[in-house]
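The values are calculated or read from the model by the stated rules, or taken from the named source; none is laboratory data. All of these numbers come straight from a predicted model, not from anything done at the bench. Cβ placement follows ideal geometry from the backbone for every residue including glycine, while neighbour counts extend to all protein chains displayed.
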Amino acid sequence: MKDTYQNPLCERYASQEMKYLFSPDKKFTTWRKLWVALAEAEKELGLPITDEQIEELKAHINDINYEDANRKEKEVRHDVMAHVYAYGLQCPKAKGIIHLGATSCYVGDNTDIILMTEGLKFIKNKLVYLISILAKFADRYKSLPTLAFTHFQPAQPTTVGKRACLWLYDLVLDLEQLDHQISNMRLLGSKGTTGTQASFMELFEGDHEKVKKLDKLIAQKMGFSDTVPVSGQTYSRKIDSFVLSVLSGIAQSAMKFSNDLRLLQHLKEVEEPFEKNQIGSSAMAYKRNPMRCERISSLARHVIINSLNPAITAATQWFERTLDDSANKRISIPEAFLAVDAILNLYINVADGLVVYEKVIKQHLIRELPFMATENIMMQAVKKGGDRQELHEAIRVHSMAAAKSIKEEGRENDLIDRIASDPIFGMTKEEIMEILRPENFIGRADRQVEEFLNEVINPILAENENVKEVSAEVSV
């Protein structure tokens, strides 16, 4: 439909797998699975529910009669009761035991936890795969010297691989938070209207142990180890805030990477992949704009800001339940997952196709290195018998003159020629250039890369060796 707003996250950016996770089919089939789990657990604990009723419910998990549900919702203004009604039309024998003792949040909140947990695991797969790609890049370029920058001003050199390890470590921190959140996801369970389980106490004639067991059975049937220990009608909305905080962290890391790469592409040192028929600009045909990294930054901004939604929701809930979370959750949570999914697709695509221009990197480094090497040159001149104070003053004068020539006259850096021609140093240009070898200025950068990959990254990859390769084709 071209006359109706379409969400760009679905139409342009997110993967089909993530779009399905937050689709009506996934949501409402999960509702029905929860109703089956409830009926099974209640039967096992002694309520008069038959195998025939349960089999009837199972037979209609996937063939959802949306028209019946939609028509009923317009009448009763309640989505859960509309779907209870629609399910009952398909399951006349089980109609009377659907949703028995439960409140709306039994299906709504438990489904939200299930979908978020699946989404986090899906995101984890992509995150680990991305880490594996960047690790290969870091290892390949661990010894390639490059200018480092502080305040985006040239600073002591690093290596291309070491810089990639900074991107990697951000992702490692994100993975730690992601694993922690996955391990702490618990179902709401069957807590009732205000969390007191009063309706279930009535069903089981005051048997506390059966009501407690009901909670555990439902969790097990839905693939969870436990339920939340206490709740109002809903699980604490802080859980949503925690989940979106994890997704925001991934977005922050991706945005940092994308901004770095946009700057590197401006310097013509490293570029994102650029396809044969890709157009960089509608007006300037020569341009190779970093459009994928710009899109990462754009989507990341949305995720970071969106993470405020559940935080504010959690802070403003009243007592055991209000409904001002519902409309917000329907938008903020799926969009966070869809956007991070899209961000990781882009990040993987870019990282897997990075183009490194080694000669440009070396050219930039050699242009700035003389200023950084003055201390080394001075120490070598002292060893040859020079006076440190006189040499220091001479280097200061030559450095200021060379900098002025570069900035005011647009000349190349001639500091080395100035020093070599000054007899106070007693050094030839060849001797000075030997000092200026870039690898002499990278400290332990190359070894740091090796150590980081061996001690941090490789154990992560070994622990997640079953991670699937991700197809990260960019659709637009």
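Residue-by-condition table, conditions (1) closer than 17 Å to residue 100 by Cβ; (2) modelled with pLDDT under 95; (3) assigned to a helix (DSSP H, G or I); (4) among the aromatic types (Phe, Trp, Tyr):
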| residue | (1), (2), (3), (4) |
| --- | --- |
| 200 | yes, no, yes, yes |
| 210 | yes, no, yes, no |
| 216 | no, no, yes, no |
| 230 | no, no, no, no |
| 236 | no, no, no, no |
| 247 | no, no, yes, no |
| 257 | no, no, yes, yes |
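Of the residues 305, 348, only one is buried (at least 20 other Cβ atoms within 10 Å of the Cβ) and assigned to a helix (DSSP H, G or I); which?
Exactly one residue qualifies, and that residue is 348.
Given the criterion surrounded by fewer than 23 Cβ atoms within 10 Å (Cβ to Cβ) and of a type in the set (A, V, I, L, M), identify the matching residue among 239, 250.
239
From 101, 119, which residue is in a helix (DSSP H, G or I), among the small types (Gly, Ala, Ser), in contact (Cβ under 8 Å) with a residue 60 or more places away in the chain and touching a helix residue (DSSP H, G or I) at 6+ places or on another chain (Cβ under 8 Å)? Can you show your working first?
Details: 101 fails: in a helix (DSSP H, G or I).
Among 101, 119, only 119 is in a helix (DSSP H, G or I), among the small types (Gly, Ala, Ser), in contact (Cβ under 8 Å) with a residue 60 or more places away in the chain and touching a helix residue (DSSP H, G or I) at 6+ places or on another chain (Cβ under 8 Å).
Taking segment 399-413, which residues are surrounded by 13 or more Cβ atoms within 10 Å (Cβ to Cβ) and under 13 Å from residue 368 (Cβ atoms)?
Across segment 399-413, the qualifying residues are 399, 402, 403, 406, 413.
Taking segment 60-74, which residues are surrounded by fewer than 16 Cβ atoms within 10 Å (Cβ to Cβ) and part of a helix (DSSP H, G or I)?
66, 67, 70, 71, 74
For residue 116, work out the one condition from (1) farther than 22 Å from residue 459 by Cβ; (2) under 23 Å from the mean Cα position of the chain (by Cα); (3) aliphatic (A, V, I, L, M); (4) surrounded by fewer than 21 Cβ atoms within 10 Å (Cβ to Cβ) it doesn't fulfil.
Residue 116 satisfies every listed condition except (4).
Name the residues in segment 359-400 that are under 21 Å from residue 438 (Cα atoms), of a type in the set (D, E, K, R) and at pLDDT below 90, would you?
Selection gives 367, 368, 375.
For segment 402-457, give me each residue that is of a type in the set (Phe, Trp, Tyr) and at pLDDT 90 or above.
441, 452 - these are the residues of segment 402-457 that are of a type in the set (Phe, Trp, Tyr) and at pLDDT 90 or above.
Which of the residues spanning segment 38-59 are touching a residue at least 60 places away in the same chain (Cβ under 8 Å) and surrounded by fewer than 21 Cβ atoms within 10 Å (Cβ to Cβ)?
Here is the first cut: in segment 38-59, the residues touching a residue at least 60 places away in the same chain (Cβ under 8 Å) are 38-42, 44-47.
Passing the criteria: 40, 44, 45, 46, 47.
Could you please let me know if residue 85 is crowded, with 20+ Cβ neighbours inside 10 Å and not aliphatic (A, V, I, L, M)?
Working: crowded, with 20+ Cβ neighbours inside 10 Å: yes; not aliphatic (A, V, I, L, M): yes.
It is true that residue 85 is crowded, with 20+ Cβ neighbours inside 10 Å and not aliphatic (A, V, I, L, M).
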